[in-house]
Amino acid sequence: MNRIKAILMIVFIVSSLVIIVSSKKKDNKTPILCYMTSGLTNGFNIQSTKYMEKFGEKLGYKVKILNANRSAEKQIQQIETAISTGVSALVIKAVDNKLIVDVIKKAKKKGIKILIYDNIIDGCQTDMTSVLDTEKVGEMVADECIRVLTNKYRKAQGNIFQIMGDLGDMYSIGIAKGFNNKIKKYKDVKVITKDTPHWEGQDKILDLELNKNKNIDIVFMHSDSHMTLLTNVLKKHKYKQGDIKLIGTDGDPDALKEIRSGWCHATIGVPVVSQVWGIFNFLKSIENGKTIKSGNYLIRDLNCKLVYKNKSPISYLPGIVITKDNVDDKTLWGNMHEF
């Protein structure tokens, strides 16, 4: 009889322990992080999404991907829904930087951590922003141009044709600012600049310039996605590889292809993996209520600069110089072929 009581007591204790453990598991739910992407129509966004999921899960989050398909209204609705489901954090690549402000304020009031990716949101306080330092990219292009011209003429002199994007796009504005501020120090370097509304017609602008100007040494474009089109314009005008150096920004597959073919000298690539990690590098500290100090940080293998703007921390990352020497590096987003 005593033996039976002992067995029943053991069963009772084990059952109680199971119930306690089970209740703890229910109380400690896996935190949910939503990545709100503006769209999945290009390789950069696709690879960004891939690493958002990878790094989020690595840090113990359940990651949900929500695609706005380039609709600001849809993205706002998605954020409203995420707020109602009790997510821990939102990582946002905004479709529209202004329209999204009110719903971000609403999420902040609910205690949700707000992290901004690949652009800067003004008008509201956020917990972290990870973005490319476009001015630094412009400076890096200027350095590369001076290197090319010095190799050609044994001094910094020559002619650069700069093709900007839309003048309403802060990406292009930032690059031009960094480039122009650095290149103007070289008095024997002449820069001609043309903008392209809606980023369209870059090949036509180059075609028109080459019809009247035969002294161009470098064509610097702000968008790699037009690299092959510009290469075709050079071929039309009977130029050969190296006659006019093409330099771009972004690290698009087109640019990498033309680096291999000899038409493109270099591009400054966006460090997708490091830029995504720039979000997660600070996330645990943010959730624990710690203040992130301004200063320099190592994000994976890149030195980033963290500053505060309107009481919100922003992590600025430099680009990566891509030439024939490293064009086949598999960590470059333009070499990630899952798109």
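The values are calculated or read from the model by the stated rules, or taken from the named source; none is laboratory data. All figures in this text were calculated on a predicted structure; none of them were measured in a lab. Don't worry about glycine lacking a Cβ; one is built from the backbone with ideal geometry, like all the others, and counts go over all protein chains shown.
Quick notes
- Members of region 300-339 that are modelled with pLDDT under 95, aromatic (Phe, Trp, Tyr) and crowded, with 16+ Cβ neighbours inside 10 Å: Trp333
- Subset of region 303-336 (residues that are out of contact with any helix residue (DSSP H, G or I) (no Cβ under 8 Å at 6 or more places or on another chain), over 23 Å from Phe179 (Cβ atoms) and either part of a strand (DSSP E or B) or free of Cβ contacts under 8 Å to residues at least 60 places away in the same chain (or both)): Leu306, Tyr308, Ser312, Pro313, Lys330
- Evaluation of Gly289 against (1) assigned to a loop (DSSP other than H, G, I, E, B); (2) farther than 27 Å from Ile32 by Cα; (3) of a type outside the set (D, E, K, R) (one fails), failing number: (2)
- Some residue of region 316-326 being assigned by TED's automatic domain parsing to the domain that holds Ile160, within 30 Å of Leu206 (Cα to Cα) and of a type in the set (Ser, Thr, Tyr): no
- Output for region 203-228, where each listed residue is assigned to a helix (DSSP H, G or I), of a type outside the set (Val, Ile, Thr) and surrounded by fewer than 24 Cβ atoms within 10 Å (Cβ to Cβ): Asp203, Lys204, Asp207, Leu208, Glu209, Leu210, Asn211, Lys212, Ser225
- Of the criteria (1) under 23 Å from Thr41 (Cβ atoms); (2) acidic (Asp, Glu); (3) touching a Ser or Thr at 6+ places or on another chain (Cβ under 9 Å), which one Asp195 fails: (1)
- Residue in region 94-141 that is farthest from Ala72 (Cα to Cα), counting only those that are in a loop (DSSP other than H, G, I, E, B) and of a type in the set (Asp, Glu): Asp133
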